[in-house]
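Taken together, the values in this text are just the output of simple stated rules run on the coordinates, not laboratory data. If you're wondering where the values come from, they're calculated on a predicted model, not measured in any experiment. Heads up, the Cβs are rebuilt from the backbone with ideal geometry, glycines too, and the neighbour counts pull from every protein chain shown.
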């Protein structure tokens, strides 16, 4: 069944799949969850690298996240020059697309990927923009004849084709051959190895497994675990010569990689392309192309997911290993980075480099366990390893909020100084929380275990989150609630189970934290009122809202100060009423330009006095009452 037929089957099939396809859907679910768990570790590593100022490592980690998000699998064709790599790719896609010839040809990385229409996209080293060109002009950019020594500064050439083989995110890559007189070609290919997820390694019957190829194979194995070994040009050898060459190649590879699990694919790319273009089934099988393509198809449908995730995890570990060898996580480097952060006058939240390094070490351990599980063929186990932190969340730790004006300076506000102090604290608190929830799986697990925040503070937290940050930070909460509801369903629990999942001011972490800040500030504020100069400044201020006036009345020590607070509040409310009436009169009399600032915002100041600042007030009198 093709994609169009599947899409036209109807809604019933999509919501009630047949029993025979459920196992595949389960595999897809496990793969998707494992991928998300790996992504959460990469997010933590990337942002911790940013805190440490390791820009290049941060960029490389970001590229891995992009690759993971796009689900692009890079299958590269590698080998010595003139082994017929481009010819083999032409045979696999069934058309003469990539240029071939007697002289060394490929001088730039050429990627084939799926696209609804044929087009060529050229990326240059000296330009941030790409060129879209006809596919027929490919040889002008990726061959030594059309682009000698890459004079056109081509960084990559991408050909998009509506070829079924390229569906599902496969990037099929042709690379310059190594060992030719054009040294730049060898450098380009070696530099591309870290980006490969799997490799088709091509040698030839004519001069099999040279010393250059052996050296290149050792380098490939440093970066890639999955290798398909192809012996090309079998059509130019007799049957006896072919068997002798295959035995030699197999023995040489086994000795190089230290394994007897080596499968060779003897292929004639020339005959394979001829068979594909003519539709000759017998020639297709005789060319050896059929066996190779069937093996590739099996790999891409069954093993590809695990190899892809293992490749991403391995590349992440290499990034961290490189930085570790440079001493980036040592005490001296962390101390130096701390000095740089403390000298930053931008007003941004300052994050501890030592905590960032600890985050990296923790993520590194999880990624290593993830990689081991994937390689052992246990994707579900690898997913669980990456999710261990969700089972036992650590004790709650509030972020440190640095920098606060004095109570006297707060009196300069045109609203309630207590509300303003709590609101500012809340703003910094939520900014820190959104950072932690975006970068730290530990914080995500803690947030999920506590079932989030009350409705008011959930929306306030969301207001400082990007869609990406919210999606990253809230995913574990949704998963945790899902598990609780499944348990409730299996145990036939009633509505009380669901009600326990709802947060309100009695069990909200943000409410508790802000309430503590509010109480501590009221205590300090009340003690300041004993000072005559502070009372003088308070007399000239807008005072506090009714809620905080009540708290101050309970906190001050003398009746004299209580009378002072009440008299000041009464006078302020009276002045607000006068200003509002004056403003309304001037508007009615078309003399709005005569209204002063006090008159213009009197209504707002009055509302703040009555109910407090909007940013810290819930829109209902009591939880659950609308």
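The ellipsoid that matches the Cα gyration tensor of the range 90-209 has semi-axes, each √(5λ) in whole angstrom, of 21, 19, 14, with the longest given first.
Starting with the highest mean, order 135-144, 255-264 by the number of other Cβ atoms within 10 Å, averaged over the residues of each peptide.
Listed from highest to lowest mean packing, they are 135-144, 255-264.
Taking the number of other C-beta atoms within 10 Å as the exposure measure, put 458, 210, 439, 472 in order starting with the fewest. All intermediate terms of the calculation are to be shown ahead of the outcome.
On the way: 458 16, 210 13, 439 26, 472 22.
Lowest to highest Cβ neighbour count: 210, 458, 472, 439.
Given their separation in residues at 0.36 nm each and the Cα-Cα distance between them, residue 30 and residue 414 gain 132.7 nm when the chain is fully extended.
Quote the Stokes-Einstein diffusion coefficient, in whole µm² s⁻¹, for the range 469-590, based on the Kirkwood radius over alpha carbon pairs, a temperature of 4 °C and a viscosity of 1.567 mPa s.
Estimated via Stokes-Einstein, D reaches 67 µm²/s.
Here the label points at residue 247 and residue 584, each 7 Å from Cα along the C-beta direction, are separated by 10.7 nm in the simple model. Inter-label distance, residue 210 to residue 151: 2.6 nm, where each label sits 7 Å from its Cα along the C-beta direction.
Just check the range 226-325 against the gyration tensor rule for me: Cα atoms, a ≥ b ≥ c as the square roots of the eigenvalues, rounded for a/c under 1.5, and otherwise prolate or oblate depending on whether a/b exceeds b/c.
Taking the square roots of the gyration eigenvalues as a ≥ b ≥ c, the range 226-325 is oblate.
Shown for 437, 128, 553, 89: other C-beta atoms within 10 Å of each C-beta, ranked fewest to most, produce the order 128, 553, 89, 437.
For the pair the range 94-167 and the range 467-522, the centres of their Cα atoms are 53 angstrom apart.
Once the Cα-Cα distance is subtracted from the 0.36 nm per residue extended length, the residue 72 to residue 546 segment shows a gain of 164.7 nm.
Rg of the Cα atoms in the range 73-302, relative to 2.2 N^0.38 Å, amounts to 0.97.
The translational diffusion coefficient of the range 415-542, from Stokes-Einstein at 20 °C and 1.002 mPa s with a Kirkwood hydrodynamic radius over alpha carbon pairs, comes to 126 µm²/s. Length gained on full extension, residue 354 to residue 516: 55.5 nm, using 0.36 nm per residue less the C-alpha separation.
Expressed to the nearest 5 percent, the antiparallel share of DSSP beta bridges inside the range 73-302 is 35 percent.
Could you line up 459, 433 from fewest to most neighbouring Cβ atoms inside 10 Å?
Arranged by neighbour count, lowest to highest, 459, 433 become 459, 433.
The range 281-313 and the range 238-275 have their alpha-carbon centroids 16 Å apart.
Using the Cβ-Cβ distance between residue 471 and residue 55 with R0 set to 30 Å, the FRET efficiency works out to roughly 0.75.
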